[in-house]
Amino acid sequence: MVEVRGVGLHSGDKTIVRFHPAEGALRFRVGKLEFRPLAHSVTDTTRCTVLGFEGGSLATVEHLLAALFIRGIWEGLLIEVKGVEIPILDGSAKEWLEALSPFPSAGPKPIQLGEPLEVTQDRSSAKAVPAETFSLLTTIAFPHPKIGYQQIACPPIGLADLASARTFGFLHEVEALRAQGLIRGASLENALVFSQHDFANTPRFLDEPVRHKALDALGDLYLVGQPVLGRFAVHRGSHRLHVALAQQIQIRLEPNL
Ligand SMILES: [Zn+2]
């Protein structure tokens, strides 16, 4: 058993996460309830991805799910959570990747997409085209002098090279989000923050924002429930957009859900 403790980004609450080896499909356990992280169970994508289950919800699952995607762990693990939000830790998936290191990659054979799919929302788009391998191209465009247009392609960048990219945000948004009761657990320790014209703290990579967007996309695509081959491209991604694509794929794979 491996245990990780931390606070939730939005709730500020302390949470304990325990990883137990277990037979069958990967699932979460909250209280007595066990459930699989699947796109059709998502109940909110406003600032993070929230999974609903009978009588409760579990927020900010995306960075832990991204680490599971990177490691290829789809089976053999039970994730027990004592709390309502997965801890933010350092704002990236780095510590989740470390916590998962004792557990082997396991899962069904990756499946093929039968046809191209595309989801568009405002000026954002997420596409998936059938291909022999998995690849992800992520682009973002922010009107900020330290961000602008950024692009990252995996491969050649390895998925594991996305893991330490942190959540990012803007100083001017902080007050507005706090007023909504969000980001109670946020600090300069667990996010890359931008002031009006500059970095408010030190970036880990100059393209850390697009790396983090790609990481978020992996976490949300994990909600398909099994590995999928295809050429994925996400422009100006958001949890709402990624989850909509994951839902489309899931419906085609399991039309009875
Ligand atoms: Zn994120």
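Where a number appears in this text, it was derived from the coordinates with a stated rule and is not lab data. Just so it is clear, the structure is predicted and the values come from calculations on it, not from any experiment. No Cβ is skipped: glycine too gets one built from the backbone with ideal geometry, and neighbour counts run over all protein chains shown.
Being more than 16 Å from the ligand (Cβ to nearest atom) and part of a helix (DSSP H, G or I) is the filter here, so list the residues in the stretch 39-65 that pass it. Across the stretch 39-65, the qualifying residues are Ala39, His40, Ser41. Summed over the stretch 98-130, the residues that are surrounded by 14 or more Cβ atoms within 10 Å (Cβ to Cβ), more than 30 Å from His20 (Cβ to Cβ) and either out of contact with any strand residue (DSSP E or B) (no Cβ under 9 Å at 6 or more places or on another chain) or not β-branched (Val, Ile, Thr) (or both) give a count of 8. Note on the stretch 19-38: residues that are at positive phi and assigned to a strand (DSSP E or B) total 1. For first residues located in the stretch 196-222 and under 15 Å from Leu171 (Cβ atoms) and without any contact (Cβ under 8 Å) to a residue 40 or more places away in the chain, partners that are away from the ligand (no atom under 13 Å from the Cβ) and part of a loop (DSSP other than H, G, I, E, B) and lie 6+ apart or on another chain with Cβ distances below 7 Å form the pairs Ala200/Leu188; Asn201/Leu188.
Among the helices (runs of 4 or more DSSP H) confined to the stretch 161-257, the ones with at least 3 residues that are more than 16 Å from the ligand (Cβ to nearest atom) and touching a helix residue (DSSP H, G or I) at 6+ places or on another chain (Cβ under 7 Å) are located at 239-253.
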